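Here is the structure we will look at, set down as structure tokens.
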Amino acid sequence: MSTYGGTDRSTGKRAWVYAQSVKGRFQKAHRWSGWALLAVLFVTPWLRIGGRPLVLIDLPGRRLYALGTVFTARDTIFILLMGLFGAFALFLFTSLYGRLWCGYACPQTVFLEELIRPLEKLWEGERGVRRARDAKPMSFDKLWRKVGKWASYTVLGTAGSLTLVSYFHPAGELWTGQAGVGAYSMVAVLAVGFILDYGWFREQFCNYLCPYARFQGALTDDESLVIAYDLKLGEPRQDKAARKTTPKEELGACIDCNKCVVVCPTGIDIRDGYQLECIGCARCVDACEGVMGKLNQPSLVNYTTIAETEGRKRRIVRPRTVAYGALLAALAAIFVGMMGSRHSLEVGINRVPGTLYQVDDDGWTRNTFLLEVTSHFTEGADRPLEVRVDGLPAGAELTLPPLKVGADQTVKVPLVVRVPPQADLPRTLPLEVTVTSGDDEVSVQATFKSGAEEALEG
């Protein structure tokens, strides 16, 4: 059966990819980087810095905790800058190194290579054994192995789902059964998705659903790193037919062992040229190095660039890498500058809904506001705040309850401003409300409304 990217060429239907295990220097790098990334993924939700979660996306509270800093809804600009920095960093990385992200750091690849495939091999054996058993009718031996394998996937999928949700809900509550129904419903949905993806969908996600694979063509060029087969050195291949009809000195170095094909996790033949389905995992490189090394010849499959295959020297510095680098530097400078001027308090003031102004029985004009203060303090007891309103006419009264705020706390209090009757009182009076805590001071603008002009017209 001829397959391409996990698809049977003759029928167009999916052909299950039985990826064979392979050892080599790049797979050793996979092990180290994969387990390091898994450790980061599973441990991060439990870590705290300065009394705050290291990373937590608090959707109900509309807060993002990141590396000891808390960002609220008013800090959207910071979140936007972080998102843009991540995007352009990926663009720069891809333009230089192609799909190394897919091959070494993508969660899909890391889970499959470091957890799923070893479990599959543990329960069902190596590639040839799995293929032979799957081709036979159901038996007790086949059934118990399948059940055990999928039970392992279920445990792993549930643990992965709990970990992912722990980035949105405190891990201590979630893992001890103290979270709400909504959180565990999301855990269940994600767990089912993970189990089906890693146990069944697999390379189809990379081949058909992953958006990164679709737009990477616009991010790479002839200087970007790819995995390629050396046509000049390898062709024509030494298959059975060629050995019979072609003189040995005219044959290429490729012995047509098919090792580079059977180890591919996406089911492609790298000898057919660069393909969108290639994730740059270097399994084929390790396989070819293992075979050709025994023949005392160099590997026919390597990391290279199109420029190098055409005899040109690879350029790291080129227009697109300079542009991406400049954008990253600008975004980083803006972010650092804005963080340096960021206050430890956020202050907002809004007029109480449905009230513009009110004239009391004594003739004084009243405006009622809601003062909202959010702290970015990392620790400590409630801190008293001082509130000052500038721009009020002589004799004006300011009334609000005592204002205290604790670490990462938001408080709302009513702020009442009363102005005595005046002949020259304007209809709109600009105010500046200043909130002070320790050595930090934040000012916001507001307006006092009156019916002075209406009274004069009357």
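Taken together, the values in this text are just the output of simple stated rules run on the coordinates, not laboratory data. In this text, all values refer to a predicted model and were calculated from it rather than measured experimentally. In this analysis, Cβ positions are derived from the backbone assuming ideal geometry, glycine residues included, and neighbour counts consider all displayed protein chains.
Would you list the strands (runs of 3 or more DSSP E) that sit entirely within region 319-407 and hold 3 or more residues that are touching a Lys or Arg at 6+ places or on another chain (Cβ under 6 Å)? Give the steps one after another, and end with the answer.
On the way: elements: 345-351, 365-375, 386-390, 397-399.
It comes to 365-375.
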Of those in region 92-128 that are free of Cβ contacts under 8 Å to residues at least 40 places away in the same chain and under 24 Å from TRP32 (Cα atoms), the residue nearest to the chain's Cα centre (by Cα) is PHE93
Which of (1) in contact (Cβ under 8 Å) with a residue 24 or more places away in the chain; (2) over 23 Å from ARG202 (Cβ atoms); (3) over 28 Å from the mean Cα position of the chain (by Cα) does ARG131 not meet, given it meets every other one?
(2)
Output the qualifying pairs, or none if there are none: Cβ atoms under 6 angstrom, residues six or more apart or on different chains, first residue in region 64-91 and surrounded by 14 or more Cβ atoms within 10 Å (Cβ to Cβ), second residue hydroxyl-bearing (Ser, Thr, Tyr).
THR72/THR374; PHE88/TYR324; PHE91/TYR324
Across region 127-150, the tally of residues that are surrounded by 12 or more Cβ atoms within 10 Å (Cβ to Cβ) and not basic (Lys, Arg) stands at 4
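Could you please find all residues in region 422-442 being among the small types (Gly, Ala, Ser) and surrounded by 13 or more Cβ atoms within 10 Å (Cβ to Cβ)? First the steps, then the outcome.
Filtering region 422-442 down to residues among the small types (Gly, Ala, Ser) leaves 423, 437-438.
SER437 - this is the single residue of region 422-442 that is among the small types (Gly, Ala, Ser) and surrounded by 13 or more Cβ atoms within 10 Å (Cβ to Cβ).
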List pairs: first residue in region 135-161 and at positive phi, second residue assigned to a helix (DSSP H, G or I) anywhere in the structure, Cβ distance under 6 angstrom, at least six positions apart or on different chains.
none
Sort out which residues of region 208-242 are surrounded by 14 or more Cβ atoms within 10 Å (Cβ to Cβ) and among the basic types (Lys, Arg), and write them in order of number.
ARG237
So, in region 270-295, exactly how many residues are in contact with an Asp or Glu (Cβ under 9 Å, 6 or more places away or on another chain) and not in a helix (DSSP H, G or I)?
4
Being small (Gly, Ala, Ser), within 30 Å of SER33 (Cα to Cα) and in contact with a helix residue (DSSP H, G or I) (Cβ under 9 Å, 6 or more places away or on another chain) is the requirement here; does ALA159 meet it?
yes
Restricting region 338-374 to residues that are under 28 Å from ASP75 (Cα atoms) and among the basic types (Lys, Arg), the one surrounded by the most Cβ atoms within 10 Å (Cβ to Cβ) turns out to be ARG351
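Return the residues of region 401-420 that are in contact with a Phe, Trp or Tyr (Cβ under 9 Å, 6 or more places away or on another chain), farther than 14 Å from PHE448 by Cβ and surrounded by fewer than 18 Cβ atoms within 10 Å (Cβ to Cβ); say none if nothing qualifies. I'd like the intermediate steps shown before the answer.
Of the residues in region 401-420, the ones in contact with a Phe, Trp or Tyr (Cβ under 9 Å, 6 or more places away or on another chain) are 405-409, 414-420.
Add one more test, that the residue is farther than 14 Å from PHE448 by Cβ, and what stays is 405-409, 414.
Within region 401-420, GLY406, ALA407, GLN409, PRO414 qualify.
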